[in-house]
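Read through the structure below, which is laid out as C-alpha coordinates, and then see the notes.
The values are calculated or read from the model by the stated rules, or taken from the named source; none is laboratory data. Nothing here was measured: the structure is a model prediction, and the numbers come from that model. Reconstructed Cβ throughout: ideal geometry from the backbone, glycine too, with neighbour counts over all protein chains shown.
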Amino acid sequence: MNSAPTLNIDLHTHSNRSDGTFTPLELVAHAAAAGVEVLALTDHDTVAGLEEASAGAGIHNIDLVPGVEISAAWRAQPIHILGLWIDPTCAELLAALSAQADRRRVRMLKICARLGKMGLPGGELLAAVEANPGVPTRAHLANAMVAGGHVKDTEAAFRKYLGRGTAANIAAEWPPLETVIAWISAAGGVAVLAHPSRYKLSAGARRRLLADFAAAGGTALEVVTGPNHADHVEALAAFALKHGFSGSVGSDFHAPQTWNPLGRSLKLPDCVTPVWRSYYK
Ligand code: AMP
Ligand code: MN
Ligand code: MN
Ligand code: MN
(Lines give C-alpha, C1' and ligand atoms only; values in the text may rest on other atoms or scores of the structure.)
(Ligands and ions follow the chains in the order given, each with its own letter.)
Protein backbone atom coordinates (compact mmCIF):
# COMPACT_ATOMS: atom_id res chain seq x y z
CA MET A 1 0.00 0.00 0.00
CA ASN A 2 1.10 3.54 -0.64
CA SER A 3 1.66 4.74 2.91
CA ALA A 4 2.58 8.33 2.04
CA PRO A 5 0.08 9.67 -0.49
CA THR A 6 0.75 13.27 0.43
CA LEU A 7 4.55 13.20 0.46
CA ASN A 8 5.87 15.41 -2.35
CA ILE A 9 8.76 13.29 -3.58
CA ASP A 10 10.86 13.47 -6.75
CA LEU A 11 13.53 10.79 -7.09
CA HIS A 12 15.03 11.59 -10.51
CA THR A 13 16.57 14.97 -11.38
CA HIS A 14 19.68 16.42 -13.06
CA SER A 15 22.03 19.30 -12.32
CA ASN A 16 24.77 20.88 -14.42
CA ARG A 17 27.19 18.22 -13.12
CA SER A 18 25.61 16.22 -15.97
CA ASP A 19 23.16 17.60 -18.55
CA GLY A 20 20.86 19.70 -16.36
CA THR A 21 20.98 23.49 -16.47
CA PHE A 22 20.78 24.33 -12.75
CA THR A 23 23.69 24.08 -10.35
CA PRO A 24 22.97 21.57 -7.57
CA LEU A 25 22.19 24.46 -5.21
CA GLU A 26 19.80 26.10 -7.71
CA LEU A 27 18.12 22.76 -8.27
CA VAL A 28 17.46 22.27 -4.57
CA ALA A 29 16.17 25.86 -4.22
CA HIS A 30 13.77 25.44 -7.15
CA ALA A 31 12.59 22.07 -5.87
CA ALA A 32 11.88 23.54 -2.44
CA ALA A 33 10.00 26.47 -4.02
CA ALA A 34 7.94 23.97 -6.02
CA GLY A 35 6.94 22.19 -2.81
CA VAL A 36 9.16 19.12 -3.14
CA GLU A 37 9.92 17.63 0.29
CA VAL A 38 12.20 14.76 -0.72
CA LEU A 39 14.52 15.16 -3.70
CA ALA A 40 17.04 12.81 -5.28
CA LEU A 41 19.81 14.28 -7.41
CA THR A 42 20.59 11.60 -10.01
CA ASP A 43 23.13 12.96 -12.47
CA HIS A 44 24.32 10.78 -15.34
CA ASP A 45 27.32 8.69 -14.22
CA THR A 46 28.52 11.15 -11.58
CA VAL A 47 28.02 11.99 -7.90
CA ALA A 48 29.93 15.28 -8.20
CA GLY A 49 26.87 17.42 -7.39
CA LEU A 50 25.81 15.62 -4.23
CA GLU A 51 27.89 17.50 -1.70
CA GLU A 52 26.61 20.90 -2.87
CA ALA A 53 23.04 19.62 -3.15
CA SER A 54 23.21 18.18 0.34
CA ALA A 55 24.46 21.47 1.79
CA GLY A 56 21.69 23.32 -0.08
CA ALA A 57 19.09 20.87 1.20
CA GLY A 58 20.00 21.90 4.76
CA ILE A 59 19.36 25.55 3.89
CA HIS A 60 16.07 24.91 2.08
CA ASN A 61 14.69 22.37 4.52
CA ILE A 62 14.40 19.59 2.00
CA ASP A 63 15.49 15.95 2.33
CA LEU A 64 18.16 15.06 -0.19
CA VAL A 65 18.45 11.46 -1.36
CA PRO A 66 21.96 10.80 -2.69
CA GLY A 67 21.57 9.29 -6.14
CA VAL A 68 23.08 8.65 -9.55
CA GLU A 69 21.75 7.56 -12.97
CA ILE A 70 24.15 5.00 -14.41
CA SER A 71 24.32 4.04 -18.08
CA ALA A 72 24.25 0.29 -18.66
CA ALA A 73 23.66 -2.22 -21.43
CA TRP A 74 21.07 -4.95 -21.58
CA ARG A 75 21.96 -7.08 -24.61
CA ALA A 76 22.40 -4.38 -27.29
CA GLN A 77 20.01 -1.94 -25.59
CA PRO A 78 21.39 1.01 -23.62
CA ILE A 79 19.43 1.40 -20.38
CA HIS A 80 19.58 3.69 -17.35
CA ILE A 81 19.69 2.42 -13.78
CA LEU A 82 19.14 4.78 -10.87
CA GLY A 83 21.09 4.15 -7.69
CA LEU A 84 19.27 5.75 -4.75
CA TRP A 85 20.44 6.12 -1.14
CA ILE A 86 23.99 5.40 -2.30
CA ASP A 87 27.08 6.21 -0.27
CA PRO A 88 28.79 8.73 -2.59
CA THR A 89 32.14 8.10 -0.92
CA CYS A 90 32.16 4.37 -1.75
CA ALA A 91 35.54 3.71 -3.40
CA GLU A 92 34.22 0.95 -5.68
CA LEU A 93 31.42 3.19 -6.96
CA LEU A 94 33.75 6.15 -7.47
CA ALA A 95 36.22 4.03 -9.47
CA ALA A 96 33.37 2.70 -11.59
CA LEU A 97 31.99 6.19 -12.27
CA SER A 98 35.44 7.42 -13.24
CA ALA A 99 35.57 4.63 -15.85
CA GLN A 100 32.09 5.64 -17.05
CA ALA A 101 33.29 9.23 -17.53
CA ASP A 102 36.20 7.90 -19.60
CA ARG A 103 33.75 5.95 -21.77
CA ARG A 104 31.73 9.12 -22.23
CA ARG A 105 34.80 11.12 -23.29
CA VAL A 106 35.93 8.46 -25.75
CA ARG A 107 32.46 8.24 -27.26
CA MET A 108 32.25 12.04 -27.55
CA LEU A 109 35.58 12.13 -29.43
CA LYS A 110 34.30 9.49 -31.85
CA ILE A 111 30.99 11.27 -32.38
CA CYS A 112 32.69 14.61 -33.04
CA ALA A 113 35.14 12.95 -35.45
CA ARG A 114 32.19 11.45 -37.32
CA LEU A 115 30.42 14.81 -37.42
CA GLY A 116 33.66 16.31 -38.82
CA LYS A 117 33.60 13.76 -41.65
CA MET A 118 30.00 14.83 -42.34
CA GLY A 119 31.10 18.44 -42.86
CA LEU A 120 30.35 19.87 -39.40
CA PRO A 121 33.05 21.56 -37.28
CA GLY A 122 33.83 18.54 -35.07
CA GLY A 123 36.65 20.27 -33.15
CA GLU A 124 34.53 23.30 -32.33
CA LEU A 125 31.63 21.16 -31.21
CA LEU A 126 33.93 19.06 -29.00
CA ALA A 127 35.37 22.22 -27.42
CA ALA A 128 31.86 23.52 -26.73
CA VAL A 129 30.92 20.24 -25.03
CA GLU A 130 34.11 20.28 -22.96
CA ALA A 131 33.42 23.83 -21.78
CA ASN A 132 30.50 22.51 -19.70
CA PRO A 133 31.06 21.71 -16.02
CA GLY A 134 29.36 18.31 -16.28
CA VAL A 135 30.30 14.90 -17.62
CA PRO A 136 29.89 15.03 -21.42
CA THR A 137 26.54 13.86 -22.79
CA ARG A 138 24.86 13.92 -26.17
CA ALA A 139 22.53 16.58 -24.72
CA HIS A 140 25.52 18.96 -24.41
CA LEU A 141 26.49 18.20 -27.99
CA ALA A 142 22.93 18.80 -29.21
CA ASN A 143 22.95 22.18 -27.44
CA ALA A 144 26.29 23.04 -29.09
CA MET A 145 24.85 22.12 -32.49
CA VAL A 146 21.90 24.46 -31.88
CA ALA A 147 24.17 27.27 -30.66
CA GLY A 148 26.36 26.87 -33.76
CA GLY A 149 23.33 27.14 -36.04
CA HIS A 150 23.74 23.60 -37.41
CA VAL A 151 20.23 22.49 -36.40
CA LYS A 152 17.14 24.41 -35.34
CA ASP A 153 16.65 22.66 -32.01
CA THR A 154 17.90 19.72 -29.93
CA GLU A 155 15.14 17.45 -31.23
CA ALA A 156 16.49 18.03 -34.75
CA ALA A 157 20.04 17.28 -33.54
CA PHE A 158 18.91 13.88 -32.25
CA ARG A 159 16.69 13.20 -35.26
CA LYS A 160 19.37 14.03 -37.82
CA TYR A 161 22.68 13.16 -36.16
CA LEU A 162 22.70 11.75 -32.64
CA GLY A 163 19.63 9.57 -32.16
CA ARG A 164 18.97 5.93 -32.92
CA GLY A 165 19.71 4.91 -36.50
CA THR A 166 21.49 8.15 -37.43
CA ALA A 167 25.03 8.45 -38.83
CA ALA A 168 26.73 9.88 -35.74
CA ASN A 169 24.95 7.70 -33.19
CA ILE A 170 28.02 5.91 -31.86
CA ALA A 171 27.39 3.36 -29.16
CA ALA A 172 29.29 3.65 -25.92
CA GLU A 173 30.66 0.45 -24.35
CA TRP A 174 28.36 0.52 -21.35
CA PRO A 175 28.81 -2.29 -18.82
CA PRO A 176 26.12 -4.94 -18.45
CA LEU A 177 23.15 -4.38 -16.18
CA GLU A 178 24.43 -6.96 -13.66
CA THR A 179 27.72 -5.06 -13.23
CA VAL A 180 25.96 -1.75 -12.67
CA ILE A 181 23.60 -3.21 -10.09
CA ALA A 182 26.62 -4.68 -8.28
CA TRP A 183 28.22 -1.19 -8.08
CA ILE A 184 25.02 0.25 -6.62
CA SER A 185 24.79 -2.59 -4.11
CA ALA A 186 28.43 -2.09 -3.12
CA ALA A 187 27.57 1.53 -2.31
CA GLY A 188 24.64 0.40 -0.16
CA GLY A 189 22.10 1.77 -2.66
CA VAL A 190 18.83 0.62 -4.15
CA ALA A 191 18.76 -0.10 -7.92
CA VAL A 192 15.78 1.32 -9.82
CA LEU A 193 15.17 0.78 -13.55
CA ALA A 194 14.70 4.30 -14.93
CA HIS A 195 11.84 5.10 -17.35
CA PRO A 196 11.18 1.48 -18.41
CA SER A 197 8.66 2.43 -21.10
CA ARG A 198 11.12 4.73 -22.91
CA TYR A 199 13.23 1.88 -24.31
CA LYS A 200 12.20 0.80 -27.78
CA LEU A 201 11.63 -2.88 -27.04
CA SER A 202 8.99 -5.42 -28.04
CA ALA A 203 6.61 -6.52 -25.29
CA GLY A 204 8.50 -9.83 -24.99
CA ALA A 205 11.91 -8.16 -24.79
CA ARG A 206 10.63 -5.75 -22.12
CA ARG A 207 9.44 -8.71 -20.03
CA ARG A 208 12.85 -10.37 -20.39
CA LEU A 209 14.59 -7.15 -19.39
CA LEU A 210 12.47 -6.91 -16.24
CA ALA A 211 13.10 -10.56 -15.39
CA ASP A 212 16.88 -10.08 -15.83
CA PHE A 213 16.75 -6.87 -13.78
CA ALA A 214 15.01 -8.73 -10.94
CA ALA A 215 17.41 -11.70 -11.14
CA ALA A 216 20.40 -9.33 -10.91
CA GLY A 217 19.10 -7.76 -7.70
CA GLY A 218 17.15 -4.79 -9.08
CA THR A 219 14.68 -3.51 -6.50
CA ALA A 220 12.27 -1.07 -8.11
CA LEU A 221 10.78 0.25 -11.33
CA GLU A 222 10.32 3.93 -12.03
CA VAL A 223 6.57 3.60 -12.41
CA VAL A 224 5.91 7.32 -12.80
CA THR A 225 8.29 9.52 -14.81
CA GLY A 226 7.84 13.11 -15.98
CA PRO A 227 6.27 12.56 -19.38
CA ASN A 228 4.52 9.27 -18.58
CA HIS A 229 1.04 8.67 -19.93
CA ALA A 230 -1.58 7.16 -17.66
CA ASP A 231 -1.61 3.88 -19.62
CA HIS A 232 2.15 3.52 -19.14
CA VAL A 233 1.77 4.06 -15.39
CA GLU A 234 -0.89 1.36 -15.24
CA ALA A 235 1.21 -1.09 -17.27
CA LEU A 236 4.33 -0.42 -15.19
CA ALA A 237 2.38 -0.81 -11.95
CA ALA A 238 1.20 -4.21 -13.21
CA PHE A 239 4.80 -5.19 -14.08
CA ALA A 240 5.97 -4.09 -10.62
CA LEU A 241 3.35 -6.28 -8.94
CA LYS A 242 4.10 -9.25 -11.21
CA HIS A 243 7.88 -9.16 -10.71
CA GLY A 244 7.83 -8.15 -7.03
CA PHE A 245 9.35 -4.70 -7.60
CA SER A 246 8.61 -1.66 -5.53
CA GLY A 247 7.86 1.57 -7.39
CA SER A 248 9.62 4.90 -7.74
CA VAL A 249 8.55 8.32 -9.03
CA GLY A 250 10.70 11.01 -10.64
CA SER A 251 10.35 13.94 -12.98
CA ASP A 252 13.67 13.38 -14.84
CA PHE A 253 13.93 17.16 -14.64
CA HIS A 254 16.75 18.75 -16.67
CA ALA A 255 15.71 22.36 -17.27
CA PRO A 256 12.80 24.73 -16.70
CA GLN A 257 10.16 25.14 -19.40
CA THR A 258 10.52 21.58 -20.63
CA TRP A 259 8.18 18.61 -20.60
CA ASN A 260 9.15 17.46 -17.13
CA PRO A 261 8.87 20.24 -14.55
CA LEU A 262 10.04 19.83 -10.98
CA GLY A 263 7.47 19.44 -8.28
CA ARG A 264 4.57 18.33 -10.42
CA SER A 265 2.44 15.82 -8.66
CA LEU A 266 4.00 12.37 -9.13
CA LYS A 267 1.47 9.97 -7.69
CA LEU A 268 2.42 6.32 -7.35
CA PRO A 269 -0.61 4.03 -7.78
CA ASP A 270 -1.83 2.79 -4.40
CA CYS A 271 -1.28 -0.87 -5.32
CA VAL A 272 2.51 -0.41 -5.65
CA THR A 273 4.85 -0.42 -2.64
CA PRO A 274 6.84 2.85 -2.59
CA VAL A 275 10.61 2.33 -2.89
CA TRP A 276 10.97 4.96 -0.16
CA ARG A 277 8.75 3.12 2.33
CA SER A 278 11.53 2.11 4.71
CA TYR A 279 12.93 5.68 4.67
CA TYR A 280 9.78 7.87 4.84
CA LYS A 281 6.31 7.18 6.12
P1 AMP B 1 23.88 10.31 -23.31
O2 AMP B 1 23.67 9.88 -21.89
O3 AMP B 1 25.19 10.96 -23.55
O4 AMP B 1 23.59 9.22 -24.30
O5 AMP B 1 22.85 11.49 -23.58
C6 AMP B 1 21.51 11.21 -23.45
C7 AMP B 1 20.79 12.44 -22.91
O8 AMP B 1 20.38 13.24 -24.01
C9 AMP B 1 19.52 12.04 -22.20
O10 AMP B 1 19.75 11.89 -20.83
C11 AMP B 1 18.60 13.18 -22.47
O12 AMP B 1 18.80 14.17 -21.50
C13 AMP B 1 19.05 13.69 -23.81
N14 AMP B 1 18.24 13.18 -24.94
C15 AMP B 1 18.16 11.91 -25.38
N16 AMP B 1 17.34 11.83 -26.47
C17 AMP B 1 16.90 13.08 -26.71
C18 AMP B 1 16.05 13.67 -27.68
N19 AMP B 1 15.48 12.92 -28.65
N20 AMP B 1 15.84 15.00 -27.62
C21 AMP B 1 16.42 15.75 -26.66
N22 AMP B 1 17.22 15.25 -25.70
C23 AMP B 1 17.48 13.94 -25.72
MN1 MN C 1 19.87 13.58 -19.53
MN1 MN D 1 17.60 8.42 -18.38
MN1 MN E 1 17.55 11.17 -16.19
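Name the one entry in 67, 58, 83 that is modelled with pLDDT of 95 or more, within 16 Å of ligand 1 (Cβ to nearest atom) and within 19 Å of residue 8 (Cα to Cα).
Numbers: 58 fails: within 16 Å of ligand 1 (Cβ to nearest atom); 83 fails: within 19 Å of residue 8 (Cα to Cα).
Result of the check over 67, 58, 83: 67.
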Here the residues within segment 188-230 that are of a type in the set (S, T, N, Q) and farther than 20 Å from residue 76 by Cβ are 219, 225, 228
Which of the numbered conditions does residue 7 fail, given that it passes all the others? Conditions: (1) closer than 21 Å to residue 277 by Cβ; (2) within 16 Å of ligand 4 (Cβ to nearest atom); (3) in a loop (DSSP other than H, G, I, E, B); (4) not hydroxyl-bearing (Ser, Thr, Tyr). (2)
Looking at residue 32, is it part of a loop (DSSP other than H, G, I, E, B), over 13 Å from the mean Cα position of the chain (by Cα) and modelled with pLDDT of 95 or more? no
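Is it the case that segment 38-51 has a residue that's surrounded by fewer than 16 Cβ atoms within 10 Å (Cβ to Cβ), of a type in the set (S, T, N, Q) and at pLDDT 95 or above? Full working, then the answer.
If we filter segment 38-51 for residues that are surrounded by fewer than 16 Cβ atoms within 10 Å (Cβ to Cβ), which is where we start, we get 51.
Narrowing further to those that are of a type in the set (S, T, N, Q): none.
Scanning segment 38-51 turns up no residue that is surrounded by fewer than 16 Cβ atoms within 10 Å (Cβ to Cβ), of a type in the set (S, T, N, Q) and at pLDDT 95 or above.
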The lone condition residue 77 fails out of (1) surrounded by fewer than 24 Cβ atoms within 10 Å (Cβ to Cβ); (2) within 16 Å of ligand 1 (Cβ to nearest atom); (3) under 19 Å from residue 247 (Cα atoms) is (3)
How many of the residues in segment 141-168 are surrounded by fewer than 21 Cβ atoms within 10 Å (Cβ to Cβ) and within 16 Å of ligand 3 (Cβ to nearest atom)? 4
For segment 233-281, which residues satisfy the criterion of being within 16 Å of ligand 3 (Cβ to nearest atom), touching a Lys or Arg at 6+ places or on another chain (Cβ under 9 Å) and either within 22 Å of residue 205 (Cα to Cα) or aliphatic (A, V, I, L, M) (or both)? 249
Apart from one, (1) at pLDDT below 95; (2) surrounded by fewer than 18 Cβ atoms within 10 Å (Cβ to Cβ) all hold for residue 134; the odd one out is (2)
Residue identified as under 23 Å from residue 173 (Cα atoms), hydrophobic (A, V, I, L, M, F, W, C) and surrounded by fewer than 19 Cβ atoms within 10 Å (Cβ to Cβ) among 101, 34, 96: 101
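For every residue, the table says whether it meets (1) of a type in the set (A, V, I, L, M); (2) closer than 16 Å to residue 126 by Cα.
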position: 140; (1), (2): no, yes
position: 144; (1), (2): yes, yes
position: 149; (1), (2): no, yes
position: 156; (1), (2): yes, no
position: 171; (1), (2): yes, no
position: 175; (1), (2): no, no
position: 178; (1), (2): no, no
position: 184; (1), (2): yes, no
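Looking at 113, 128, which is the one that is in contact with a His (Cβ under 8 Å, 6 or more places away or on another chain) and more than 30 Å from residue 10 (Cα to Cα)? Quick ask: steps written out before the conclusion?
Values: 113 fails: in contact with a His (Cβ under 8 Å, 6 or more places away or on another chain).
Step by step, each of 113, 128 is checked, and only 128 is in contact with a His (Cβ under 8 Å, 6 or more places away or on another chain) and more than 30 Å from residue 10 (Cα to Cα).
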Matching helices (runs of 4 or more DSSP H) fully within segment 63-180 where at least 2 residues are touching a residue at least 40 places away in the same chain (Cβ under 8 Å): 91-117, 138-147
Considering only segment 198-221, state which residues are assigned to a helix (DSSP H, G or I), within 17 Å of the chain's Cα centre (by Cα) and surrounded by fewer than 23 Cβ atoms within 10 Å (Cβ to Cβ). 198
Between a residue in segment 31-60 that is in contact (Cβ under 8 Å) with a residue 12 or more places away in the chain and over 26 Å from residue 140 (Cα atoms) and any residue that is surrounded by 24 or more Cβ atoms within 10 Å (Cβ to Cβ) and aromatic (Phe, Trp, Tyr), which pairs come within a Cβ distance under 9 Å, given they are 6 or more apart or on different chains? 38/276
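Name the one entry in 195, 232, 243 that is touching a residue at least 40 places away in the same chain (Cβ under 8 Å) and either assigned by TED's automatic domain parsing to the domain that holds residue 78 or loosely packed, with under 15 Cβ neighbours inside 10 Å (or both). Spell out the reasoning first.
Working: 232 fails: touching a residue at least 40 places away in the same chain (Cβ under 8 Å); 243 fails: touching a residue at least 40 places away in the same chain (Cβ under 8 Å).
Being touching a residue at least 40 places away in the same chain (Cβ under 8 Å) and either assigned by TED's automatic domain parsing to the domain that holds residue 78 or loosely packed, with under 15 Cβ neighbours inside 10 Å (or both) holds for just one of 195, 232, 243, which is 195.
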